[in-house]
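Take a look at the structure set out below.
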Amino acid sequence: MQTMTKTVHLHAAREKVFGYLSNIENLPEWAVSFCTELKREGDDYKVVNPGGELYFTIDANEATGVVDMIAGPQKDMMGAWPGRVMELPDGTSLFAFTCVKCPEISNEEFAQQCASIDEELEILNKTFA
C-alpha cells in the first residue's frame, strides 16, 4: 500500500484547529480540490469533486486529536485518510494528514491527490495565521 504523510504547523490552539477540522461543514472552505461542493442526502454527506461524488464522513476523537476523513463511492466501499491534530509546546498545533492510495487509482492520480493536499494545507495555514 502506498501512502504519503503531510504536515502543517498551524498558529492556533489544538482545540480550535480540532474543532474546525472535525466539523464536516467546514470541508469546502479548506479542502478546495477534494470538495467543490458538500451535499446532504438524508443523514449522509456527499463530497462533489471533478471525479464525481463520494460518500463522506469524519471520524473524530477530541481526546486523541484524530480527525480521519473517510470517503468512497458507496457506503460499503469507504476508505480512510487518517489525520491528527497535535498540540505543540508553544500552544500552536501540528496537523498531520496521511494520503492513502486506493487500488483503483493510478500512481499519477495518487500523485495529483497528494499535490492537491499541499494546496489545501496552505489554505489551513492561512486560516489560522
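The values are calculated or read from the model by the stated rules, or taken from the named source; none is laboratory data. Keep in mind that this is a model prediction, so the values were computed, not measured. A quick note on method: Cβ atoms are made from the backbone with ideal geometry, for glycine too, and the neighbour counts reach across all protein chains shown.
Of the strands (runs of 3 or more DSSP E) lying entirely inside region 1-59, those containing at least 2 residues that are under 13 Å from the mean Cα position of the chain (by Cα) span 3-10. Note on region 73-125: among residues that are touching a Leu at 6+ places or on another chain (Cβ under 9 Å) and of a type in the set (D, E, K, R), the one that is nearest to Asp59 (Cα to Cα) is Arg84.
Pick from region 96-127 the residues that are small (Gly, Ala, Ser) and closer than 20 Å to Gly72 by Cβ: which of them is farthest from the chain's Cα centre (by Cα)?
Of the residues in region 96-127, the ones small (Gly, Ala, Ser) are 96, 106, 111, 115-116.
So of that shortlist, the ones also closer than 20 Å to Gly72 by Cβ come out as 106, 116.
Working: Ser106: 20, Ser116: 11 Å.
Residue satisfying both the conditions and the ranking: Ser106.
Scanning region 61-74 for residues that are modelled with pLDDT of 95 or more and either buried (at least 16 other Cβ atoms within 10 Å of the Cβ) or in a strand (DSSP E or B) (or both) yields Asn61, Gly65, Val66, Val67, Asp68, Met69, Ile70. Close contacts from region 6-27, counting a first residue that is at positive phi and touching a residue at least 24 places away in the same chain (Cβ under 8 Å) and a second that is crowded, with 19+ Cβ neighbours inside 10 Å and of a type in the set (Phe, Trp, Tyr), with Cβ to Cβ under 7 Å and a gap of 6+ residues or different chains, come to none at all. Scanning region 1-25 for residues that are of a type outside the set (Gly, Ala, Ser), under 15 Å from Ile70 (Cα atoms) and buried (at least 17 other Cβ atoms within 10 Å of the Cβ) yields Leu21, Ile24.
Looking only at strands (runs of 3 or more DSSP E) that fall completely inside region 75-129, which ones have 2 or more residues that are closer than 13 Å to His11 by Cα?
Per the criteria, 83-87, 93-100.
Could you list, in sequence order, the residues of region 40-72 that are acidic (Asp, Glu) and either in contact (Cβ under 8 Å) with a residue 24 or more places away in the chain or within 16 Å of Trp30 (Cα to Cα) (or both)? Reasoning before the result, please.
So the first thing to find is which residues in region 40-72 are acidic (Asp, Glu), and the list is 41, 43-44, 53, 59, 62, 68.
Scanning region 40-72 gives Asp44, Glu62, Asp68.
Here is the figure for region 37-52: residues that are surrounded by 12 or more Cβ atoms within 10 Å (Cβ to Cβ) and at pLDDT below 95 total 2.
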